[in-house]
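Notes to accompany the following structure.
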Amino acid sequence: MNDLLKNTLLRAVHAGADVLKHFFEGTFEVHSKDTLNNLVTEVDKKAEDAIIDVIKSEFPEHFILSEEVGELSTTSNYKWIIDPIDGTVNFAHGIPICCVSIGLERDGEMQMGVVFNPFMNELFFAERGKGAFLNNRKLTVSKNNQIESACLVTGFPYRWVDVGTDPIAVFERFIRLGLPVRRLGSAAIDLCWVAAGRFDGFWEYNLNPWDIAAGYLIIEEAGGRISNFSGDKYSVYDKQTLATNGHIHEQMLEVIKNQA
Ligand code: IPD
Ligand code: CA
Ligand code: CA
């Protein structure tokens, strides 16, 4: 069963990525969602259709949660959590930092995750208990245990009104510590790049389960730590995400909570 799940996951991510590659830097329709710059393109929907077609061809009874189509709900204990393009704003501007992200949950626990950026030919994959990989290379998080020399990445929500704490204030505290903080525009890639040791830590407010589902397992399987801003055990349905190499986790929590 696991082999079939894994094959289906990989076929699905490639089917989605083929759609991204076909349209990249070409012409396609772009629309705003709840705010002007929260975009959805026809490519998001076409990629989503291609991904769901693959999953349904093998597992028509499985639950699907996908960003554009919402919940295709059944009573199955398997749930596929899909972001057909993570980094849609980048995609719409021809910036090749975007990906397809798919996580597979069983009984509420993430079992497998894949994040594929076809423009850099980087496929991140993790299976619970079996490690995380970039293409065929096993991943481990960075060893840095000093926040003073950390390289961080973050993102900002499209809507500010429903964000309880001010993300700019947190960002400012990290910048005032003199730290390099990058902003790539794809939370799934941010998480994978922490797993790959390129970044030491990532935080963001108000992400959605499809942004995090796959990257969450990839971080954990690479030896990293992920929590909310209280340091509690993480759920992809949380609205606060801190993912680190583990070593600087408590130090980042102190800055986020303004207790440093
Ligand atoms: C977005 C990206 C971005 C993050 C936003 C997300 P989308 O996803 O992950 O990095 O800052 O909060 O909504 O809209 O490109 O799928
Ligand atoms: Ca997303
Ligand atoms: Ca998306």
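The values are calculated or read from the model by the stated rules, or taken from the named source; none is laboratory data. Computed from a predicted structure; not experimentally measured. Because the Cβ atoms are built from the backbone with ideal geometry, glycine has one as well, and the counts that use them run over all protein chains shown. When the accessible area is computed, the model is the full protein with side chains, heavy atoms only, and any ligands, DNA or RNA have been set aside. Shrake-Rupley method; radii C 1.70, N 1.55, O 1.52, S 1.80 Å.
Summary of computed values
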| read-out | value |
| --- | --- |
| Cross-chain or 6+ apart pairs with Cβ under 8 Å, the stretch 111-134 first and more than 22 Å from L20 (Cα to Cα) and among the acidic types (D, E), then modelled with pLDDT of 95 or more and open to solvent by 10 Å² or more (accessible area, probe 1.4 Å) | E127/K6; E127/Q111; E127/E221 |
| Test: residue in the stretch 81-88 that is among the small types (G, A, S), within 11 Å of ligand 1 (Cβ to nearest atom) and closer than 23 Å to L217 by Cα | yes |
| Neighbours by Cβ (under 6 Å, 6+ apart or cross-chain): first from the stretch 156-182, in the same structural domain as I248 (by TED's automatic domain parsing); second open to solvent by less than 80 Å² (accessible area, probe 1.4 Å) and at pLDDT below 80 | P157/V163 |
| Per-region count, the stretch 73-105, residues surrounded by 15 or more Cβ atoms within 10 Å (Cβ to Cβ) and either part of a strand (DSSP E or B) or in contact with a His (Cβ under 7 Å, 6 or more places away or on another chain) (or both) | 16 |
| Any chance L5 is open to solvent by less than 30 Å² (accessible area, probe 1.4 Å) and either more than 19 Å from the chain's Cα centre (by Cα) or more than 26 Å from E220 (Cα to Cα) (or both) | yes |
| Subset of the stretch 53-72 (residues that are more than 16 Å from ligand 3 (Cβ to nearest atom), surrounded by 14 or more Cβ atoms within 10 Å (Cβ to Cβ), at pLDDT 95 or above and not in a helix (DSSP H, G or I)) | F59, H62, F63 |
| Test result for I212, within 16 Å of ligand 2 (Cβ to nearest atom) and open to solvent by less than 10 Å² (accessible area, probe 1.4 Å) | yes |
| Single residue of I175, I219, I168, I212 found to be under 24 Å from G87 (Cβ atoms), modelled with pLDDT under 95 and not in a strand (DSSP E or B) | I168 |
| Residue within the stretch 139-156 that is under 25 Å from R106 (Cα atoms) and at pLDDT 95 or above present | yes |
